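Please read the structure below before turning to the comments.
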Amino acid sequence: MRYLCFLSVCAFGIASCIEHDFKGFDDTILFGINWPGNPETLENLVEGDVNKPQLQNKEILKVTTSNKEKYECHIPELQTKESGGIEEYDGPSPINLLKPLFAQKICSYRLESYWSYEVCHGRYIRQYHEEREGKQVKTQEYYLGHWSPEKQTKLEAEIQALQETKATPKTTKVEGLTLPYVEMAMDDGTVCDLSGKPRMTKVLYVCYAHGKHEVYSFKETATCEYEIIILSPLLCDHPQFKPKDVSELAIDCLPVGDAPKKPRSLLKMEVDSLRFHHQTIKFLNNDGETHLKFELHPLNEAEDATDDPPKVTQALDKPPPVVLDDSPVRAFLNGENCLNGGTGWWKYEFCYGKHVVQYHVDRAGEKTTLLLGKFDEQAHLDWIRENKGKAPKPVEHRTSVSHFYSGGDVCDKTGKPRQTEVKLKCLENSSSPAQVSLYLLEPRTCHYILGVESPLICDILPLADENGLIKSPKLNATKQEAVVENEVDDNNKDEKDEIVPKFGND
């Protein structure tokens, strides 16, 4: 707690000292705190020796810990980096870079629990819901905006004028990054019953190198007025629209007087965190197999904290093979981590191997729940036999696997239990390994398709059998198992190795 308080004071001081506007509170500016030690013996600061003018010109923040330890923290100057190559750039304007997208008449889709959204770039945006009764399809739809060649010409002229004045593009936040965007105001949509005016949508195009012009977000900013963010790689060819490099600025905190290199409370926190994680790694070859053994050594309570926390020692002649951390996948497949999604009235919960639930929580906190299906292995096998096209493809061509969840709550319209096909799909080129995308479709009344897309799925797809079932997965590609050895105390005792399976129901 002492260290947390110290950091809070330090962070506040940084924010107030850097600038006198809100720039000091910009969460895109990252700082790291270094503890180089006494300046008299310091040789390698980030920007050189303490007597150098670069360091002397830095702003200094004096801080004192709860243990009366004093430090001088040298705050780096914030320098705005101009996007490289803007002055030399003579290529197409941002709106002209998007023209191939409009010319090919490409449409992107966003699927939610009830409504679906169709964004046909450079043409229109449609909100719709389809309900199928046998061979008949009833469609409820609204147009949220239209685009025209006249609007295109007008926007091109506006952007050209802005470029001549060297105006900075407007920006928006995407995954914590501040990104410039091209805005297309698509109006003349279906008249809104509430406002009596045509619906309109602002479409914001931002640069994303791995994007496929997909809809990143959709929200209603006012009554029948909407905002959509599109991730497009086309804008990345313009230097002004590329994401800025996010680098960490170093804050050097130097001890004053007899203060230690690091605050004692910080050292204690680091030692405590390592108390039961001091590991020694070595090979076991007694059975002809190659294993990894981790020895856990509790640290002595009376051990004095040193300036630097204990280092992990390795009894290896060469680095060990990488051991994959499959705990998120294991927790997912064991049904321990349930996935939740949905942005409309209904939201949904998917617990692998257990159930698919649709629910709504009202303002009073009361929850209305519908069971869309629960997993039964025999019912799944019967479904695969009746629907051969749902069986997994060969591993080399496999991008998804489907499971059948049946026996849900009885549907009022059909009088039959609800059922759901859960489609697990590998999501590649993701910015985060923990990213999960969920969508729910209702192609027939009370018959659902739940799409689950995540990088986690990529690890388990090859493990599915001919029926799509995953019974005894082992993710470690090196076929090595971790052996964890717990020592009761520091005395010499017989070692007992416990084999921990890399994946399964622990």
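Of all the listed residues (D187, D193), the sole one being over 34 Å from the mean Cα position of the chain (by Cα) and of a type in the set (D, E) is D193. Checking each residue of the stretch 126-140 against the condition of being of a type in the set (A, V, I, L, M) and surrounded by 15 or more Cβ atoms within 10 Å (Cβ to Cβ) gives no match.
The requirement of being modelled with pLDDT of 85 or more, assigned by TED's automatic domain parsing to the domain that holds E164 and in a strand (DSSP E or B) is fulfilled nowhere in the stretch 96-106; no residue meets it. Confirm whether L254 is surrounded by fewer than 17 Cβ atoms within 10 Å (Cβ to Cβ) and under 20 Å from I75 (Cα atoms). In short, no.
Residues in the stretch 149-169 that are at pLDDT 90 or above and closer than 23 Å to T221 by Cα were compared, and the one that is farthest from the chain's Cα centre (by Cα) is K151.
Does the stretch 206-215 include one or more residues that are buried (at least 17 other Cβ atoms within 10 Å of the Cβ), free of Cβ contacts under 8 Å to residues at least 40 places away in the same chain and assigned to a loop (DSSP other than H, G, I, E, B)? Steps first, answer last, please.
Of the residues in the stretch 206-215, the ones buried (at least 17 other Cβ atoms within 10 Å of the Cβ) are 206-208, 211, 213, 215.
Among the residues that remain, those that are also free of Cβ contacts under 8 Å to residues at least 40 places away in the same chain are: 206-208, 211.
Now drop any that are not assigned to a loop (DSSP other than H, G, I, E, B), which leaves 208, 211.
Checking the stretch 206-215: at least one residue is buried (at least 17 other Cβ atoms within 10 Å of the Cβ), free of Cβ contacts under 8 Å to residues at least 40 places away in the same chain and assigned to a loop (DSSP other than H, G, I, E, B).
Within the stretch 371-423, being modelled with pLDDT under 90, under 14 Å from G468 (Cα atoms) and among the acidic types (D, E) holds for no residue.
Every condition in (1) in contact (Cβ under 8 Å) with a residue 40 or more places away in the chain; (2) over 16 Å from F241 (Cβ atoms) holds for E150 except the one numbered (1). Looking only at the stretch 452-493, filter to residues that are modelled with pLDDT under 85 and of a type in the set (G, A, S); which one of those is nearest to H380 (Cα to Cα)? The qualifying residue nearest to H380 (Cα to Cα) is S472.
Taken over the stretch 170-186, the criterion of being out of contact with any Lys or Arg (no Cβ under 9 Å at 6 or more places or on another chain) and over 15 Å from V203 (Cβ atoms) is satisfied by T171, K173, E175, G176. Answer yes if at least one residue in the stretch 222-229 is without any contact (Cβ under 8 Å) to a residue 24 or more places away in the chain, over 20 Å from the mean Cα position of the chain (by Cα), farther than 15 Å from C120 by Cα and assigned by TED's automatic domain parsing to the domain that holds V119, and no otherwise. So far as the stretch 222-229 goes, yes, one or more of its residues are without any contact (Cβ under 8 Å) to a residue 24 or more places away in the chain, over 20 Å from the mean Cα position of the chain (by Cα), farther than 15 Å from C120 by Cα and assigned by TED's automatic domain parsing to the domain that holds V119. In a residue-by-residue description of the stretch 230-248, the property of being at pLDDT below 90, assigned to a strand (DSSP E or B) and touching a strand residue (DSSP E or B) at 6+ places or on another chain (Cβ under 9 Å) applies to at least one position.
Here's a check for you: in the stretch 44-74, which residue that is of a type in the set (A, V, I, L, M) and not in a loop (DSSP other than H, G, I, E, B) is modelled with the lowest pLDDT? For the stretch 44-74, the residue satisfying everything is L55. Just one residue in the set E156, E220, E183 is under 23 Å from Q104 (Cα atoms), in a strand (DSSP E or B) and of a type in the set (D, E); that residue is E183. Looking only at residues in the stretch 159-179 that are surrounded by 11 or more Cβ atoms within 10 Å (Cβ to Cβ) and without any contact (Cβ under 8 Å) to a residue 12 or more places away in the chain, the one that is farthest from D90 (Cα to Cα) is K173. No other residue among G196, G189 is modelled with pLDDT of 85 or more and either surrounded by fewer than 14 Cβ atoms within 10 Å (Cβ to Cβ) or β-branched (V, I, T) (or both) apart from G196.
Taking the condition of being more than 19 Å from E112 (Cα to Cα) and assigned to a strand (DSSP E or B), how many residues in the stretch 356-369 meet it? Of the residues in the stretch 356-369, 1 are more than 19 Å from E112 (Cα to Cα) and assigned to a strand (DSSP E or B). If you check K244, K202 for being within 18 Å of M184 (Cα to Cα) and among the basic types (K, R), only one passes: K202.
With the requirement that a residue be in a strand (DSSP E or B) and touching a Ser or Thr at 6+ places or on another chain (Cβ under 7 Å), what does the stretch 111-128 give you? If you could, list the steps in order and put the result at the bottom.
Going residue by residue through the stretch 111-128, those that are in a strand (DSSP E or B) are 111, 116-120, 124-128.
Across the stretch 111-128, the qualifying residues are V119, I125, Y128.
The values are calculated or read from the model by the stated rules, or taken from the named source; none is laboratory data. Worth saying up front: this structure is predicted, and the values here are computed from it rather than measured. Glycine gets a Cβ as well: all are built from the backbone with ideal geometry, and neighbour counts include every protein chain shown.
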